[in-house]
1. What's the number of the only condition in (1) over 20 Å from VAL577 (Cβ atoms); (2) open to solvent by less than 10 Å² (accessible area, probe 1.4 Å); (3) part of a helix (DSSP H, G or I) that LYS498 fails to meet?
2. For region 547-588, please list each of the helices (runs of 4 or more DSSP H) lying entirely inside it that holds at least 1 residues being of a type in the set (Asp, Glu) and outside the structural domain of ASP371 (by TED's automatic domain parsing).
3. Give region 346-363 a look and list any residue that's assigned to a helix (DSSP H, G or I), open to solvent by less than 30 Å² (accessible area, probe 1.4 Å) and not hydroxyl-bearing (Ser, Thr, Tyr), or say none.
4. So which pairs qualify, if the first residue must be in region 347-358 and over 16 Å from ASN182 (Cβ atoms), the second must be charged (D, E, K, R) and outside any helix (DSSP H, G or I), the Cβ gap must be under 8 Å, and the two must be at least 6 apart or on different chains?
5. Given the criterion open to solvent by less than 80 Å² (accessible area, probe 1.4 Å) and modelled with pLDDT under 70, identify the matching residue among LEU6, LEU14, LEU27, LEU18.
6. For VAL217, are the conditions met, namely being in a loop (DSSP other than H, G, I, E, B), at pLDDT 80 or above and closer than 21 Å to LEU486 by Cα?
7. Considering only residues that are over 22 Å from the mean Cα position of the chain (by Cα) and either modelled with pLDDT of 95 or more or within 26 Å of PHE462 (Cα to Cα) (or both), which ones fall in region 498-507?
Amino acid sequence: MTDPNLSKIFMQTLIEDLKSSKIFTDLQNAAQIEITKPGVRLSELKKGVQAGLIHSGWDKRLKNAVFKYLQTKPRLQYPVTPPEHAKEPLLYLRKAQKSSGKVSTKPRLQYPVTPPEHAKEPLLYLRKAQKSSGKISTKPRLQYPVTPPEHAKEPLLYLRKAQHAWEKRILKSLNSMCTELNIPLARKRPEKEQKEMNSKWTELGVEGPDLTQIRPVYAPKDFLEVIVGIQNPNYHGDNNGFFPLWGIVQVPVKVKSINKLRLQYSEMAINQCQSGIDDSTDIPSELFDLDRSKLGKKVVNANHGPVAQEFSKKGCPSSLRATLWSQMLCVEVDDVDKLYYEQLKTSVLHHDLLVDSLLYKDVKLTATNDDQYFVFEDFLYQVLLPFSRDTFVLNHFSQNSATPPKSYIRGKLGVEEFSVLYPPNGVIPFHGFAMYVAPLCYLYNDPVILYYVFREIYTRYFYRLHSISSHHQGIVALSLLFEVLLQTHEPELFFHLKTVGCQPLKIAFKWLVRAFSGYLSSDQVLLLWDRILAYNSLEILPVLAVAIFSFRKTNLLKVQSYNAAEAVLADLTTLQVIPLIQLSLFSK
């Protein structure tokens, strides 16, 4: 942001957000403790307090808080006016002035001067009313129309409509399940059931609810059908370089070219050593691992998010991954966070939600049936059940095109006064949702820390994988990027699969929605997610999907049906993701 006015607005917003956060209260308390220390002199109070706060690590905490804000808050969407345009908006006058060699120092009035009273209130009848009432407003009136919140979340109307229709379809599916099974959306648990559940909190997988009639609300396949059906009513193109020629995504959103992706992921070049998979033959792997671990320990001791993020671009050493992820996500669990988790747990014990059964069912269908994750079944319940009650998750809807679903008290349907958000976190789980948590269980043995790391990853990245938007990291753009890259670099393969009735995206979509969790081996999922966090981007997912199709190209060119192609790509557990991504990005 080069414009000083925009930078000022951004800084003001940042300061206001920090002041309203918990870190500001903690900082004040820490400063008061420093003041009471006997070594602080009154004459050097400010310097003494600042030195004490720096010594206790507060400078790093504040830097990490600012880093987190920059990572999670959207930048200003409006283009910054170039300085020369602000001085003179007309090009031919700028050229004439430049050719004459004369520079005017007098400000040029762009519009007629607005009378002061008009600037305060442009409407005459309101000025008269204000004058007669004797009340004067001191608040400045914004001269430009304020962008409606839903436009800021998603600027394209047809995509907002598509998301709204998709949400209605999900709610209809949920409500029809309630009607068919005659079960409520929520009920209060009897005291006996509460005590029993509390005593078995760490063994919730042993005796779960009856799930025989519970079915997932939707699966990635259903979501893909909706995305394929979206079309821009204002676009009548002829596939001139913007649309994929043979693809099924018909939304003209901008995606990155292969050259831009190479620049973005330059730290993953073939000539760069990578943690987890060292490709360089002239450096002994033992020496690389030793040096990498030493450097990693220094990064961990620095405890600074940007440093951890830069280091992790070449992957995280297994022994340091949990700490590095926490630093990149700015997750520091203290006593207040532990207390909050206990409150969420209490909410789970007191009330039974239909969403709980959906989560139980999803864990049983996915993680419990997976050789790599079935041992973490109880951990998954300890994370997912409190997550459904966490209203903090609602904050991500300020950047999400989706809207949290509402429910109404019985008999008051449609009356806003009697509406509540359901579930409390606003997220209705789909088939495979539990797999967002499963790989993290290898990193954290404390369910509380595991919970906060998952919550941060979800509200930063994974929510974009199951909502419709024009964002460059949304699932629509990722799907289009996959099709564009595959057509560009493997046109023969793409055309062959299309000819035999197998659109590649129909196979790859489920990989993208679940960020490959449950499809790759667990260690490869963690290596892949290293890069998602380090580069702060989900765009590596379609790059890997294209690499997998290229790797299995020989067999795919022999298939003659969709089922045969799906069988070729059914087992990905033997793949090494980093060499595949390197070959896909840098070998052509």
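The values are calculated or read from the model by the stated rules, or taken from the named source; none is laboratory data. If you're wondering where the values come from, they're calculated on a predicted model, not measured in any experiment. Note: ideal-geometry Cβ built from the backbone for every residue, glycine included; neighbour counts use all protein chains shown. All accessible areas refer to the heavy atoms of the entire protein, side chains included, with ligands and DNA or RNA removed. Shrake-Rupley method; radii C 1.70, N 1.55, O 1.52, S 1.80 Å.
1. Failed condition: (2).
2. Working: elements: 553-556, 562-568, 577-586.
Answer list for region 547-588: 562-568.
3. Our first condition is that a residue be assigned to a helix (DSSP H, G or I); within region 346-363, this holds for 346-350, 354-363.
Now narrow it down to the ones that are open to solvent by less than 30 Å² (accessible area, probe 1.4 Å): 348-349, 354-360, 362-363.
Those that are assigned to a helix (DSSP H, G or I), open to solvent by less than 30 Å² (accessible area, probe 1.4 Å) and not hydroxyl-bearing (Ser, Thr, Tyr): VAL348, LEU349, LEU354, VAL355, ASP356, LEU358, LEU359, ASP362, VAL363.
4. Every condition considered, the pairs that remain are LEU349/ARG189; HIS350/LYS188; HIS350/ARG189; HIS351/ARG187; HIS351/LYS188; HIS351/ARG189.
5. LEU6
6. Values: in a loop (DSSP other than H, G, I, E, B): yes; at pLDDT 80 or above: yes; closer than 21 Å to LEU486 by Cα: no.
Spelling it out, it is not the case that VAL217 is in a loop (DSSP other than H, G, I, E, B), at pLDDT 80 or above and closer than 21 Å to LEU486 by Cα.
7. Restricting attention to region 498-507, the residues satisfying the condition of being over 22 Å from the mean Cα position of the chain (by Cα) are 498-504, 506-507.
Those that are over 22 Å from the mean Cα position of the chain (by Cα) and either modelled with pLDDT of 95 or more or within 26 Å of PHE462 (Cα to Cα) (or both): GLN503, PRO504, LYS506, ILE507.
Yes/no matrix, rows are residues, columns are (1) of a type in the set (D, E, K, R); (2) at pLDDT below 90; (3) open to solvent by 50 Å² or more (accessible area, probe 1.4 Å):
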site: SER199; (1), (2), (3): no, no, yes
site: ILE227; (1), (2), (3): no, no, no
site: ASN234; (1), (2), (3): no, yes, yes
site: ASP238; (1), (2), (3): yes, yes, yes
